[in-house]
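Here the structure is laid out as structure tokens; the discussion comes afterwards.
Throughout, read-outs are computed from the coordinates displayed, never taken from laboratory work. Computed from a predicted structure; not experimentally measured. As a convention, Cβ positions derive from the backbone with ideal geometry for all residues, glycine included, and neighbour counts pool all protein chains shown.
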Number of protein chains: 2
Amino acid sequence: MSPQSLEQFLHQQIPLSRAMAVTALHVSEESVQLSAPLQPNLNHRATVFGGSAAAVALLAAWSLLHVRLRAPFPSSTIVIQRQSMSYHRPILGTFVARAVLAQPADWPRFLRLLTRRGRARITVASTLHYDGKAVGFFTGDFVAFGGQ
Amino acid sequence: MSPQSLEQFLHQQIPLSRAMAVTALHVSEESVQLSAPLQPNLNHRATVFGGSAAAVALLAAWSLLHVRLRAPFPSSTIVIQRQSMSYHRPILGTFVARAVLAQPADWPRFLRLLTRRGRARITVASTLHYDGKAVGFFTGDFVAFGGQ
């Protein structure tokens, strides 16, 4: 899946991604990187609103699973169950959320459970970057459903 | 502060609140209730995007502190430091986030620290309601800064 087609999918299916002006920078099985500018994501202090930061991190995390499950489980659905985010520095401009599996070694077991039980849980970690620094950390627990 | 003036403040200062079509239903020192409709907050499954749900919960939590600090600390700033959210049911329509202090008994100490040290931390809990049920739980740790 190309960054362009992921971006198009997000903008069409999740209108808030368009409102946040999310763009996809990189898409692979290892990581997904999404970016968003300051302007539509401003808060009252002229920095990035914490809700935007977490939402972009969540989109990157969800997108990574969407990309990884497309081939083996094209009709699966992926649902967020729990998330947490810590904010380390204010974000004053365009920022990037980079999502990777929290434990890549869990993936085979996740696929096995999804095949056998039609349901499995996995954790994705997104790091927010701004101005060359990691400025926030997101973790999301997702449940995937769905047969082959 | 009236629901109308909180809503106006949020729409003016945090453009994403306008994109999510957030409305303020109730504002008091005990609780803030914000609402948002499905349409601008849709995901690809025609339910509410988890990022929207958490962002509205965060706005309600932040607003509660904003309202409570206006009189004693009119020039304070309130910053989210950490948040977590658990999603219990899909949200299929207009939902409400109701924010209260996680531990109301902590408030006097919070004000004392803010006065003495110019900085204090407090936790706010928001519950998401849809169709008469609690469908999600948010907790946010905030830091307030700022002299009298």
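Seen from all sides and averaged, what is the projected area of the convex hull of the Cα atoms in region B:15-81, in nm²? Intermediate results must be reported in sequence, preceding the final value.
Values: hull surface 20.6 nm².
Orientation-averaged projected area of the Cα hull: 5.1 nm².
If I take every Cα pair under 8 Å that is 6 or more residues apart in chain A, average their sequence separation and divide by the length, what percent do I get for the relative contact order? The partial results should precede the final answer.
Working: 301 pairs, mean separation 36.4, N = 148.
After rounding, I find 25 percent.
May I ask you to give the average projected area over all directions of the convex hull of the Cα atoms of the protein assembly as shown, in nm² rounded to one decimal?
On the way: hull surface 59.2 nm².
Spelled out: convex hull of the Cα atoms, projected over all directions, averaged, 14.8 nm².
On C-alpha positions alone, give me the angle between the axis of helix A:107-117 and the longest principal axis of chain A, in degrees, nearest 10.
50 degrees
Roughly what angle does helix A:3-13 make with the longest principal axis of chain A, taking Cα atoms, 0 to 90 degrees, to the nearest 10?
Its long axis makes an angle of about 90 degrees.
Let's see if you can work this out: charge +1 on each Lys and Arg Cβ, -1 on each Asp and Glu Cβ, no other charges. What is the dipole magnitude of chain A about its Cα centre, in debye to the nearest 20?
Values: 14 positive and 6 negative charges, 91 e Å.
Using only the charged Cβ atoms, the result is roughly 440 debye.
Roughly how crowded by other chains is peptide B:134-142, in terms of the mean Cβ count from those chains within 10 Å of each of its Cβ atoms?
Working: counts 0, 0, 1, 1, 1, 1, 2, 2, 1.
Mean partner-chain Cβ count within 10 Å for B:134-142: 1.
At what distance in angstrom do the alpha carbon centres of region A:98-113 and region B:76-148 lie from each other?
After rounding, the separation between the Cα centres reads 32 Å.
Extending each Cα 7 Å along its Cβ direction at B:F145 and B:A71, get the distance between those two points in nm, one decimal.
2.7 nm
Averaged across A:87-94, how many Cβ atoms of other chains sit within 10 Å of each residue's Cβ atom? Working shown, then result.
Values: counts 7, 2, 0, 1, 0, 0, 0, 0.
Shielding by partners across A:87-94 averages 1.
B:P90 label points, 7 Å along Cα→Cβ, one per copy: pairwise distances from this copy to the rest in nm, shortest first?
4.0
How large is Rg/Rh for region A:59-148, to two decimals, with Cα atoms and a Kirkwood Rh?
Values: Rg = 14.4 Å, Rh = 13.8 Å.
Taking Rg over the Kirkwood Rh, I get 1.05.
How far apart are the B:Q4 label points across copies, placing each 7 Å from Cα toward Cβ, in nm, shortest first?
So the distances to the same position in the other copies read 5.0 nm.
Helix A:50-69 versus the longest principal axis of chain A: what is the Cα-based angle in degrees, 0 to 90, to the nearest 10?
Value to nearest ten degrees: 30.
Once the dipole of chain B is set up with Lys and Arg at +1 and Asp and Glu at -1 on Cβ about the Cα centre, which of B:I80, B:F95, B:P3 lies farthest towards its positive end?
B:I80
I need B:V124, A:V67 ordered by Cβ neighbour count within 10 Å, fewest first. Kindly include the intermediate steps, with their values, before the conclusion.
Details: B:V124 27, A:V67 18.
Fewest-to-most Cβ neighbours within 10 Å comes out as A:V67, B:V124.
Please compute, for peptide A:16-25, the average count of beta-carbon atoms on other protein chains lying within 10 Å of each residue's beta-carbon. Spell out each step's value before the answer.
Values: counts 12, 3, 2, 8, 5, 0, 0, 0, 0, 0.
Counting other chains' Cβ atoms within 10 Å and averaging over A:16-25 gives 3.
For the residues B:L111, A:L58, what sequence is obtained by ranking on other C-beta atoms within 10 Å, fewest first?
Working: B:L111 17, A:L58 28.
Arranged by neighbour count, lowest to highest, B:L111, A:L58 become B:L111, A:L58.
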